[in-house]
Structure formats: structure tokens, C-alpha cells
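Before any comments, here is the structure.
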Amino acid sequence: MKTRSKGGLPINTLFDPNYPYTFQAFTTEHWCIIGLLLFLILALFLFRKRILGRPAVKSIIKWLLVAALVLPEICLQIWYISNDMWDRTSSVPLELCSLTMFLSAIMLITDSRKIYPLVYFAGIGGALQAVLTPSLDYPFPHFRFFHFFVAHLAIIIAPLYMTWIRGYRPSWKSIAWTMLFLNVAALIVGIINVALGSNYMYLMNKPSTPSLLDLLGPHPFYLLVEEMFALVLFVVMYTMFFAIPDRVRRNREARNKPVQSSF
């Protein structure tokens with residue numbers, strides 16, 4: 001492990017592909033990112049009514065999210081090209097989070113109700129795993145550190161914005177559509193992987209850095225386990241945040257409903 005201090009590194013070093021340090025999970029910087037995510041989620045939920053009453057604030061948050069989704073990827077592609085690192089086997093945005101990132105931006109811009117459940121389930125599920133177990137080589141304060149976490153946090157916040165501010169909600173049926181989307185996307189990306197010799201969406205083998213996939217068995221069995229895990233996760237996400245609150249609300253309304261007299 002490198003022991004040299006990070007202090008005093010010139011700005012251009014923070015864009016250096018040969019940065020002399022590597023990312024370590026659950027360091028102070030990583031915990032700060034997790035804490036920031038929790039803060040953003042809590043703030044969006046607690047201030048949702050105030051945001052609803054201020055169209056200008058709603059618009060600002062929406063376009064900030066679009067910028068946080070799109071600009072990091074543009075900067076990443078420029079970084080690849082300027083450092084002569086662009087490679088068709090690793091630089092094309094075909095990871096699951098890349099796909100949900102673009103879908104999130106389209107959803108926000110077009111107010112699409114059809115895209116929303118895909119981003120709610122697949123976006124939050126995939127990006128949350130990425131934030132907790134990042135497949136990342138560069139630590140804070142390297143450019144790639146900011147690119148990675150800004151984009152993934154925006155993927156998580158975007159569908160929550162549509163849920164709490166725009167009033168969108170998924171359904172049981174949308175879980176099936178999300179699973180279909182994931183399988184079609186995996187099929188298409190898998191064909192591309194075979195053609196390019198790539199490993200997008202980690203369909204050919206696991207990432208080199210520690211991840212939740214390490215707990216799911218060897219290739220290709222972890223793909224089947226991952227699919228079952230995704231289905232269970234989506235059901236839990238819907239049950240905990242929509243089905244149960246709906247049931248509680250209906251029971252409360254039934255108890256508070258005045259009893260009509262028969263006389």
C-alpha cells in the first residue's frame with residue numbers, strides 16, 4: 001500500500017490514469033458518500049411538501065439531477081479519449097447502471113411514467129449495490145471517484161424525486177416488466193460481449209474488486225442467483241414502500257370513517 005501523503009498533489013494528478021493510490025471500501029471517504037446518500041434521501045422526503053409548493057425549486061432539483069446523470073458520463077468519455085484509454089471492451093456505457101443512468105435522465109426530461117418503474121426497481125437496486133460495494137480503482141479526490149459516486153447517487157435520487165415530488169408509483173405488474181427489461185438488456189449486452197470480448201454487466205465473469213456477486217457462487221450460476229435476488233429485492237421494495245403503507249392507510253381510513261346510523 002502506498003504511504004505517501006495525498007496532500008500537495010497537483011491538479012493534473014487528480015486526472016492521472018496512473019494515480020498512485022487505490023480505492024479502499026469503507027474508508028472515511030466511502031462512509032461520507034454513504035452518509036451523503038442517506039442525507040439526500042431523508043432531506044428529499046422530509047421537505048417533499050415544501051418542494052411541491054415551489055415550482056421553481058422542483059425545476060432546479062430536476063435539472064440538477066439531469067446534470068448529475070449526464071455530465072459525469074460525458075466527462076468520463078472525454079477523459080478516456082484524452083488519455084488514449086478508450087477501449088470498446090470497457091468504455092462503452094453498457095453496464096446496468098449506465099443504462100439506468102440514461103433512462104433516468106430521459107424519465108426526468110420527459111416525465112415518462114413508463115420508464116419510471118424500470119428506474120425505480122433496476123436503478124435503485126443496481127446503483128445501491130454499486131455505492132455499497134464499488135467496482136472502482138480510484139480513491140478520493142481523483143476525478144473517477146467523483147464521477148462514479150455523483151452518477152450513482154443521482155440514479156438513486158431520481159426515481160425517489162419522481163415518487164415523492166411528482167407522485168409516481170410502480171405496481172406489481174411493473175415488477176414483471178422490469179424483470180423482462182433486465183433479461184432483454186442482458187441478452188443484447190451478452191451478444192455484444194461475445195462479439196467484442198468484453199464483460200459488460202459482468203455477464204462473462206465477476207468484477208475484479210469485491211462485490212455482492214462474490215457471495216452468489218461461480219459463473220454462470222451467480223447470474224441465475226442474481227436474477228432471483230433481483231426479483232426478491234423488487235418485491236420487497238414494492239411491499240415495504242407501497243403495499244404495506246397503502247394497507248395501513250386504508251385501515252386507518254376505515255377506522256376513522258363515521259358510522260352511519262340506521263335511524
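Here are the numbers:
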| item | result |
| --- | --- |
| Which listed residue, of TYR116, TYR168, is touching a Ser or Thr at 6+ places or on another chain (Cβ under 9 Å) and within 21 Å of PRO55 (Cβ to Cβ) | TYR116 |
| Single unsatisfied condition, ALA130 versus (1) small (Gly, Ala, Ser); (2) over 19 Å from PHE39 (Cα atoms); (3) at pLDDT below 95 | (2) |
| Residues satisfying the stated conditions in the stretch 153-191, i.e. part of a helix (DSSP H, G or I) and of a type in the set (Val, Ile, Thr) | ILE155, ILE156, ILE157, THR163, ILE175, THR178, VAL184, ILE188, VAL189, ILE191 |
| Matching residues in the stretch 201-256 - criterion: being basic (Lys, Arg) and surrounded by 14 or more Cβ atoms within 10 Å (Cβ to Cβ) | LYS206 |
| Conditions (1) within 22 Å of SER112 (Cα to Cα); (2) of a type in the set (A, V, I, L, M); (3) surrounded by fewer than 17 Cβ atoms within 10 Å (Cβ to Cβ); number of the one not met by ILE51 | (3) |
| The stretch 46-62 residues that are free of Cβ contacts under 8 Å to residues at least 60 places away in the same chain, paired with ones that are open to solvent by less than 60 Å² (accessible area, probe 1.4 Å) (beta carbon under 6 Å, 6 or more apart) | VAL57/ILE51 |
| Pair list, Cβ < 8 Å and 6+ apart or interchain, from the stretch 207-221 residues that are touching a residue at least 40 places away in the same chain (Cβ under 8 Å) to residues that are part of a loop (DSSP other than H, G, I, E, B) and open to solvent by 60 Å² or more (accessible area, probe 1.4 Å) | THR209/ASP137 |
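The values are calculated or read from the model by the stated rules, or taken from the named source; none is laboratory data. These numbers were taken from a predicted model, which means no experiment stands behind them. Glycine also receives a Cβ, built like all others from the backbone with ideal geometry; neighbour counts cover every protein chain displayed. In case anyone asks, the SASA skips ligands and DNA or RNA and just uses the protein heavy atoms, side chains included. Shrake-Rupley method; radii C 1.70, N 1.55, O 1.52, S 1.80 Å.
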